[in-house]
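Input: a single structure, listed below in structure tokens.
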Amino acid sequence: MRYLPLSAQDREDMLSTSGAKNIRALYEDVPDSAYNDALIPTLPAHKTEMAVEKHLVRYSNQNIDAAHAPFFLGAGVYNHHIPASVDYVIQRSEFLTAYTPYQPEIAQGTLQVIYEFQTMIAKLTGQDVANASLYDGATALAEAALMAMRVTRKNKVIIANDINPDYQETLSTYLKDDAIVDADTSDDIAAIIIQSPDFYGRPEKYLAWRKKADALGALLVVVITEIISLGMLPAPDMADIVCGEGQSIGLPMSFGGPHLGFFACRNDYLRQMPGRLCGKTVDADGKDSYVLTLSTREQHIRRDKATSNICTNQGLCALAFTVHMALLGDLGFRQLAQLNHERAVMLADKLSAVKGIAVENETFFNEFVITLPENAEKVVNTLAAQGIIAGLPLNDNRLLICATEKTEDADMDILIEALSTL
Amino acid sequence: MAVDYKTDSNPTKFDVEADQNRALHYEEKFLWDHQQTDHSGVDLPAVDGSINKTGITARAATGLPNLSEPQILRHFVRLSTLNYSIDHGFFPLGSCTMKHNPRLNEKMARLPGFAHIHPLQPEQTVQGALGVMYELQDWLAQLTGLPGVALSPAAGAHGEYAGIMVIRAKLRDAGMHHKDTLLIPDSAHGTNPATAAMCGFKVKTISTKETGRLTLEAFKDALGDGENIAGMMVTNPNTCGLFERDIVEISKLLHAAGGYFYCDGANFNALVGRIKPADFGVDVMHINLHKTFSTPHGGGGPGSGPICCTEELAPYLPIPLVGKSDDGFYKLLRKDDCPKTLGRLRGFNGQFGMHVRALSYMLSHGNDGLRQVSGDAVLAANYILSQLKDDYHVPFEGRCMHEALFSEKWLKDHGVTTLDVAKALIEFGMHPMTVYFPLVVSGAMLVEPTETETKESIDRFIAVMKHIAELAKNGEGDIFHSYPISAPRKRLDEVLAARNPILNG
């Protein structure tokens, strides 16, 4: 077996040194009733590298992927281009096969990357501090709601606009049954949650929400599912917590994961933050160094009193984000955002010109809702049969549709043609 | 004397003697401190620039630096050289299963049909992806003996949360709201009590300090009449590296009292292909794909923590699940298909890229290879235990499983601590073992060699450990306090970092 280095002789020598006559003897604490003497008969035997590749390529070929289809689906996961350097860097052994940087003397690479990632997120969101990342945008929002409750010592949250349904479902699971309320009927509100752009693509202005949160003594939580929007829309610096999804920078859609939850907040709430934090310090020679810090918030120290049970981040995903964002820089990131917007504006203009189709949004960033002459789900399935991924069907005739820098004129024309001949 | 080479045409000041760059050793600056350029490191299609239908004035600046591609590559490659990794050498980090990460898995996850598909595409356009998830569910069900599988949890702790929420949903459905307490041994990972608290359970701790094991007696005491007991969270093999001898009996008592057995699957590498947790009474457990099934740790994630459970608990699993109809069509099961589900635990379908990697690993090993994995892992740990037991204090008797536990007891009299041993290992070119965990052993050192090390590599570790013990016992251990001295950094001032947090530049 190619991944196992021990030879039969090694095994014999090691058993003999260990004073055991066979492997079963090493498992002496395991009762016979729990130990299987034979292989599991219903699972296959080992395969060559060639055979595994063939097995999985067959699965891969059964899917319609965005590299080969006109693609207009967004809704929280976006089809963006990733520069070649990103994947090269994240596949370096020193990053890919390292552990969590608990031994900082031999993990400064990972630690400095986290510190730079935290810096990027803080700058983009207009917040004081950011953590080393969380599982994804939906869990980041759930953690934000729980944190707001700890900070305010209140028990309810308001979801104030249209947020991604997966995020809402995740939030419902994490919070107590009656914790999500519709309006400010209660004086027990810990947070006002808004998504920007909202699920239907409409950018939010924050001032009114800030005032409302202040009036209620609640925190303002802003959730962002398309982080490229921050290259064009203002930083949500009026918020108390900004969280969301970083997949659009550096990460493939990958059927929904692994993605990248980000989390930033004001300094005042630092010690209530969930997740890992990397800080700057010095070593014994006084050299600038980085280390995981403020771990007294975390489960391995606090156990049942911890701020969260989280004991990981999305390290390699945060690296991919950091490399891609560093490549873009300020000029590239803002141009990429503008480009996304202009592609979407062109798509909206083209769709508006089709008889029977109307664009609902007055404002949008890179996705918006259209109404079709017939049921949207039916249209999506019809177009899928033609190799076009048309968007996300909403209720009735409504379709949520997205354009990115990868959406070419030719893709739009294929879509328009298909919709015109329904 | 340091010379500043500064001219009018070269305004940057260089103090060549003082800077730390030597041969292949570089001090790499903070990203923002590099010389900036006037354009992006990515060439994008031109934009009009005046179009704005967002309803808001476009942002003027983001605070990111402008650098070119060669600068970025050099920055991150230099940073990478400051890291230790599995591909460098021995990495015996107990409870973390730092095994070889096959690159075939990476190649498979990057196939366009896996990397570039969207979780909300129509099901008929992603049958291959759903097929991968279905096949992975089947492997996990067969390896654990637990037929209900949910792949969506994003990491081990997330899997724990899922598992305990499954138990909570079952108890609520059965009207057993009074069952509000979970039994957890004091050797458990910190995530266990943190998870129990997150799910609203009280925690009753069982002491294992005496023997390193959960004894029948201690368990019976903690269980009492079992009236309030929702279940137990037990890691098996436990965090002392021992298989719980009485686990079959204990799980029977727990079940008789109406409680459920949550197993922390962090140590599944000792069992895979040989022992099905269902056979020792587990009702629900998580599996760390990034431990047992070789998906890379990536410097701290992404992980993946699917959970497996009994038929009885399966209706409560978190959505989405993958089902298969009679005609072979794969389907994502959501709320309408699973009326008793505890709900959704994250966005979309889980860490799918990790699912592909784990399946690639399982297919490579097969039923025979996976059985050899656990055998070799347990053999390697026992070999280390037998070779070091006269040099380091072994707190508990008996054979170990896939990790061997030692303590600092015999070194302390010589002024040497577990931290010193860890830093000395770094100096001798190895990653340290897990230190100061489990908490039930003072100055614990938990050594998990895994099955992917050669005997030569293990023998060198043993030699280094004996050398460290010998220096300590000869009174020469003071030198360890300054270790490491050859690493990119010496010991860090962690107190300063926490007292005066600087979290971004």
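The values are calculated or read from the model by the stated rules, or taken from the named source; none is laboratory data. Being a predicted model, the structure only gives us computed values, none of them experimental. Don't worry about glycine lacking a Cβ; one is built from the backbone with ideal geometry, like all the others, and counts go over all protein chains shown. To get the accessible areas, we keep the full protein, side chains included, count just its heavy atoms, and leave off ligands, DNA and RNA. Shrake-Rupley method; radii C 1.70, N 1.55, O 1.52, S 1.80 Å.
Listed values, structure above:
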item: Peptide A:275-282, shielding by other chains (average Cβ, 10 Å cutoff); result: 6
item: The stretch A:190-219-the stretch A:87-153 distance, computed between alpha-carbon centres (Å); result: 24 Å
item: Global geometry of chain A, whether rounded, prolate or oblate, following the gyration tensor of its Cα atoms and the 1.5 cut on a/c; result: oblate
item: Cβ-derived FRET efficiency at R0 22 Å, B:GLU456 paired with A:ARG2, nearest 0.05; result: 0.75
item: Gain in span if fully extended, A:LYS176 to A:ASN375, counting 0.36 nm per residue against the direct Cα distance; result: 68.0 nm
item: Spin-label pair B:LYS202/A:GLU408, simplified geometry with 7 Å Cα→Cβ offset, distance in nm; result: 6.6 nm
item: Where only alpha carbons of the stretch B:104-362 are counted, the Rg and the Dmax (Å); result: 18.2, 57
item: Averaged over B:315-324, number of beta-carbon atoms from partner chains that fall within 10 Å; result: 1
item: Inter-centroid distance (Cα atoms) of the stretch B:111-156 relative to the stretch B:41-103, Å; result: 28 Å
item: Förster radius 51 Å - calculated FRET efficiency between B:VAL248 and B:SER482, Cβ distance, rounded to 0.05; result: 0.55
item: Too-long pairs where the Cα-Cα distance tops 28 Å, listed order kept, from A:LYS156/B:LYS179; A:LYS47/B:LYS466; B:LYS179/B:LYS324; result: A:LYS47/B:LYS466; B:LYS179/B:LYS324
item: Prolate/oblate/rounded label for the stretch B:103-205 (Cα gyration tensor, a/c 1.5); result: prolate
item: Chain B: DSSP helices with Cα axial extent of at least 24 Å and average Kyte-Doolittle hydropathy no lower than -0.5; result: B:127-144, B:156-173, B:352-388, B:455-473
item: Average projected area [Cα convex hull, chain B], square nanometres; result: 32.0 nm²
item: Three-way shape call for the stretch B:207-285 based on the alpha-carbon gyration tensor, with the a/c threshold at 1.5; result: oblate
item: Whole-number percent relative contact order across the stretch A:329-420, with pairs defined as alpha carbons under 8 Å at least 6 apart; result: 30 percent
item: A:ASP268 versus B:ALA23: modelled label distance in nm, points set 7 Å from Cα along the beta carbon direction; result: 5.4 nm
item: Spacing of the two label points (7 Å from each Cα toward its C-beta) at B:ASP173 and A:ALA67, in nm; result: 4.1 nm
item: Zone residues, the stretch B:50-74, relative to A:MET346, backbone N less than 16 Å from point 7 Å out along Cα-to-Cβ; result: B:50-53
item: Principal axes of the stretch A:1-86: Cα extent on each, largest first, Å; result: 63, 34, 27
item: Accessible surface of the stretch B:423-505 [probe 1.4 Å, protein heavy atoms]: carbon and sulfur percent; result: 52 percent
item: For B:THR434, distant residues with modelled amide H under 5 Å away; result: B:GLY94, B:LEU446, B:GLU448
item: Residues B:PHE14 and A:MET50, FRET efficiency given R0 of 60 Å [Cβ-Cβ distance, rounded to 0.05]; result: 0.65
item: Percent carbon-and-sulfur accessible area, the stretch A:248-300, ignoring ligands, DNA and RNA, probe 1.4 Å; result: 42 percent
item: Among B:149-162, A:302-315, A:169-182, A:76-89, the order from most to least packed when residues are scored by Cβ within 10 Å on average; result: B:149-162, A:302-315, A:76-89, A:169-182
item: Per-bin percent of Cα-Cα distances, the protein assembly as shown [10 Å]; result: 2, 12, 22, 26, 21, 12, 5, 1, 0
item: Nearest-ten-degree value, helix A:409-420 long axis tilted from longest Cα axis of chain A; result: 70 degrees
item: Accessible area that becomes buried as B packs against A, both chains, 1.4 Å probe, Å², nearest 100; result: 16600 Å²
item: Spatially proximal aspartates and glutamates relative to B:LYS331 (Cα-Cα < 14 Å; intrachain offsets below 8 disregarded); result: B:GLU123, B:GLU135
item: Average accessible area per residue (Å²) across chain A - probe 1.4 Å, nucleic acids and ligands excluded; result: 34 Å²
item: Label-zone membership for the stretch B:131-171, site B:LEU333, 7 angstrom Cα→C-beta point, backbone N under 12 Å; result: B:147-151
item: Proximal aspartates and glutamates to A:LYS21, defined as alpha-carbon separation beneath 12 angstrom and excluding residues fewer than eight positions away on the same chain; result: A:GLU12, A:ASP13
item: Part-to-part distance (alpha-carbon centres) for the stretch B:171-235 and the stretch A:351-418, which is given in Å; result: 53 Å
item: Sum of -39500 (n - 2.57) over DSSP H runs of 4+, divided by residues of the protein assembly as shown (222 nm, nearest 500); result: -10500 deg cm²/dmol
item: Inverse of mean 1/r across different Cα pairs in the stretch A:230-382, Kirkwood, Å; result: 19.5 Å
item: Of A:LYS123/A:LYS280; A:LYS205/A:LYS378; B:LYS99/B:LYS455; A:LYS280/B:LYS423, pairs whose Cα-Cα distance is over 23 Å; result: A:LYS205/A:LYS378
item: Residue-normalised accessible area of the stretch B:349-487, expressed per residue, 1.4 Å probe, Å²; result: 29 Å²
item: For a label point 7 Å along the Cα-to-beta-carbon line of B:THR57, residues of the stretch A:221-235 with backbone N under 16 Å; result: A:232-235
item: Cα-Cα pairs of the stretch A:319-422 separated by more than 24 Å (percent); result: 28 percent
